[in-house]
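Colleague: One structure coming up, written as structure tokens, with questions to follow.
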Amino acid sequence: MIQIYQPQAGKEELKAIKNVFKSNWLGKGPITDKFIKEWQSRLISDKIDGIAFASPSVKQLITINSCTEGLFQAMDLFNIQEGDEVILPSIHWVGAGNAIMYKKATPIFCDVDKRTLNVTVKHIEEKITNKTKAVIVLHYAGIPCDIEDIARLCKQKNIILIEDNANSPLSVTNAQNTGTFGDLGIWSFDAMKVITAGDGGLIYAEDPKNIEKLKKMTYLGWDSSSSEKSVESKWWAYDVLVPGRRSIMNDIQSAIGIEQLKKSQTFIEKRQHIHERYSKELSKIEWLDIPNEIKYYEKSSYYMYHIQTKNKEDRDKLAKHLRSNDIYTAFRYYPLHLIEYYNSNSILPNTEYAANHTLCIPLHQSLTNSDVSKVIKTIKNYKK
Ligand SMILES: *Cc1c(COP(=O)(O)O)cnc(C)c1O
């Protein structure tokens with residue numbers, strides 16, 4: 001069976017977990033701090049007119065137990081409320097829609113580019129009203145969207161920009177990592193992502209004050225600075241400053257994440273190689289469109305590879321043909337504006353085209369050359 005996504009973890013991760021066990025500290029601690037530092041040194045976060053090749057500060061980063069929880073925390077952090085509108089592409093993670101609904105705010109679904117499935121500045125601009133409070137974008141399949149233009153627009157209009165960076169952990173546009181263009185960027189390390197920690201996530205905030213707030217919000221609302229002061233009198237007492245939840249990553253997860261991050265270059269190169277093979281071979285098929293162009297100033301994390309059948313009828317049939325040959329495929333992400341619960345009246349022609357024609361085919365670092373050959377051959381055989 002050839003899976004569409006698959007993690008690759010081995011003896012290095014096991015050894016790291018063993019060391020955490022030996023330390024007797026399994027919770028959030030020094031290894032999680034180290035994980036944040038490793039990310040800090042890997043990311044480049046110049047602001048649009050900033051200095052070249054600057055890393056963010058550790059004060060701009062915090063770990064979180066999942067990207068979904070990060071999206072919910074973001075809604076709390078920016079005090080999104082009833083009456084507020086939040087714009088997001090309809091082709092988006094369902095957790096983003098739920099986070100908006102949780103605050104009783106209104107999700108405003110916008111269209112995407114028909115081929116790349118990425119949102120553009122034009123699609124967002126069309127939906128802006130005087131109620132627009134925030135925008136949540138993602139970088140589909142790992143390829144950066146028009147993030148510089150979108151960031152500029154949001155700054156101009158005083159709209160909060162949140163980047164769901166789950167597809168694009170190490171993607172770059174113009175020498176800056178995705179996830180660091182807006183007010184907040186959120187990574188995911190769940191089991192199906194390019195870099196996994198089993199579960200987990202990372203948040204970047206442009207303003208370090210938001211990280212200070214998130215520290216409390218993600219840990220029961222405790223005032224971490226008060227513990228020292230209260231030692232003298234009632235050392236068991238604590239103060240609660242906000243009704244926080246408990247949304248942290250522990251040292252077992254972080255230990256896995258650190259080993260994965262060490263391998264990330266190899267993972268991404270492997271994925272890139274498969275991506276290039278697919279593009280070369282599949283672009284010869286006349287009944288397919290191959291829309292995965294990466295511009296010269298961009299780097300992808302190669303999270304997904306999608307193809308589009310020219311005829312709508314072929315998409316599901318092709319998926320079944322591949323499945324009967326033990327190859328799993330899928331379409332990501334089912335358009336949110338079609339979900340009844342979200343109560344949207346948007347008509348989004350490109351999104352609907354994409355939803356009917358697109359298929360994501362296997363892309364992960366465990367695929368062998370013969371797996372890739374089999375996928376290509378099976379697709380080619382579909383119309384024979
Ligand atoms: C996987 C994914 C998420 C969810 O991440 P979790 O860490 O599993 O909550 C969010 N957004 C996108 C685009 C994803 O691909």
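Colleague: Out of the DSSP beta bridges found with both residues in the range 11-261, what percent are antiparallel (nearest 5)? It would help to have the intermediate numbers written out before the result.
Modeller: Working: 13 of 29 bridges.
In the range 11-261, approximately 45 percent of DSSP beta bridges are antiparallel ones.
Colleague: Starting from the Cα coordinates of the range 312-384, work out the convex hull volume and express it per residue in Å³. Spell out each step's value before the answer.
Modeller: Values: hull volume 8.4 nm³, N = 73.
Convex hull of Cα atoms, per residue: 116 Å³.
Colleague: Can I ask one more? Remind me, relative contact order of the range 11-261 in percent, using alpha carbon pairs under 8 angstrom and six or more residues apart? Write out the running numbers ahead of the final one.
Modeller: On the way: 510 pairs, mean separation 61.0, N = 251.
Relative contact order comes out at 24 percent.
Colleague: So what J values fall out for the range 67-75 if you push phi through Karplus, 6.51 cos²θ - 1.76 cosθ + 1.60 with θ = phi - 60°, rounded to Hz, Gly and Pro as x?
Modeller: 5, 4, 4, x, 5, 5, 4, 4, 4
Colleague: Now for a different question. What does the convex hull of the alpha-carbon atoms of the chain project to on average, in nm²? Could you put the intermediate results ahead of the total?
Modeller: Numbers: hull surface 82.2 nm².
The orientation-averaged projected area of the Cα hull of the chain comes to 20.5 nm².
Colleague: In what order, largest first, do W287, W25, W222 sit by accessible area if the probe radius is 1.4 Å?
Modeller: Numbers: W287 25, W25 140, W222 85 Å².
My answer, sorted largest first, is W25, W222, W287.
Colleague: Measure out, as a whole number of angstrom, how far apart the alpha-carbon centroids of the range 328-342 and the range 110-164 sit.
Modeller: The range 328-342 and the range 110-164 have Cα centres spaced 19 Å from each other.
Colleague: Which of the aspartates and glutamates could be linked to K317 by a straight reach, that is with a Cα gap under 17 Å, when you skip same-chain ones fewer than 8 residues away?
Modeller: E286, D289, D326
Colleague: Which of the lysines could be linked to K18 by a straight reach, that is with a Cα gap under 19 Å, when you skip same-chain ones fewer than 8 residues away?
Modeller: Answer for K18, where 19 Å is the Cα cut-off: K28, K34, K262, K263, listed by chain and number.
Colleague: Hey, what do the phi angles of the range 302-317 turn into as Karplus ³J(HN,Hα) couplings, whole Hz, using 6.51/-1.76/1.60 and θ = phi - 60°, x for Gly and Pro?
Modeller: Taking θ as phi minus 60°, the curve returns 6, 6, 9, 10, 10, 10, 10, 7, 5, 9, 4, 4, 6, 4, 5, 5 Hz for the range 302-317.
Colleague: Same structure, new question: Just reorder E352, E298 by solvent-accessible area, largest first, 1.4 Å probe, all chains present. Don't jump to the answer; show the numbers that get you there.
Modeller: Details: E352 70, E298 20 Å².
Largest to smallest exposure gives the sequence E352, E298.
Colleague: Pull up all non-local amide H partners of V112: gap of 5 or more, or a different chain, and H-to-H distance under 5 Å with H placed in the peptide plane.
Modeller: HN-HN under 5 Å from V112: N350, T351.
Colleague: At 1.4 Å probe size, with no ligands or nucleic acids counted, give the accessible surface of E276 in Å², nearest ten.
Modeller: For E276, the solvent-accessible surface is approximately 100 Å².
Colleague: What is the set of long-range amide H partners of L43 at a cut-off below 5 Å, with H atoms built 1.01 Å from backbone N?
Modeller: none
Colleague: Whole-Hz Karplus ³J(HN,Hα) for the range 114-121, in order, using 6.51 cos²θ - 1.76 cosθ + 1.60 and θ = phi - 60°, x for Gly and Pro?
Modeller: 4, 9, 7, 6, 9, 6, 10, 4
Colleague: Working out 0.36 nm times the residue gap between L241 and E352, then minus their Cα-Cα distance, what length gain in nm do you get to one decimal?
Modeller: Values: separation 111, 0.36 × 111 = 39.96 nm, distance 4.50 nm.
Taking L241 through E352 to full extension adds about 35.5 nm, to one decimal.
Colleague: Quick one: how many Å² of C110 are accessible to a 1.4 Å probe, rounded to 10?
Modeller: Ignoring ligands and nucleic acids, C110 comes out at about 0 Å².
Colleague: Do the alpha carbons of any pairs in K59/K157; K122/K215; K59/K155; K131/K299; K299/K383; K37/K216 sit beyond 30 Å of each other, and which pairs?
Modeller: Working: K59/K157 26 Å; K122/K215 35 Å; K59/K155 22 Å; K131/K299 34 Å; K299/K383 34 Å; K37/K216 20 Å.
Distance filter (> 30 Å) returns K122/K215; K131/K299; K299/K383.
Colleague: Accessible surface of R42 in the full protein assembly, 1.4 angstrom probe, to the nearest 10 Å²?
Modeller: 80
Colleague: Students often forget the sequence filter, so: which aspartates and glutamates lie under 16 Å Cα-Cα from K103 once same-chain residues fewer than 8 apart are removed?
Modeller: Within the straight-line cut-off, K103 pairs with E69, D76, E82, D84, E85.
Colleague: Grab the Cα-Cα distance for T266 and L220, subtract it from 0.36 nm times how many residues apart they are, and report the gain in nm with one decimal.
Modeller: Details: separation 46, 0.36 × 46 = 16.56 nm, distance 3.80 nm.
Full extension from T266 to L220 adds 12.8 nm.
Colleague: In terms of modelled amide H atoms, which long-range or inter-chain residues lie less than 5 Å from the amide H of R332?
Modeller: Those lying under 5 Å, H to H, from R332 are C360.
The values are calculated or read from the model by the stated rules, or taken from the named source; none is laboratory data. If you're wondering where the values come from, they're calculated on a predicted model, not measured in any experiment. Areas reflect the complete protein model, heavy atoms only, side chains present, ligands, DNA and RNA absent. Shrake-Rupley method; radii C 1.70, N 1.55, O 1.52, S 1.80 Å.
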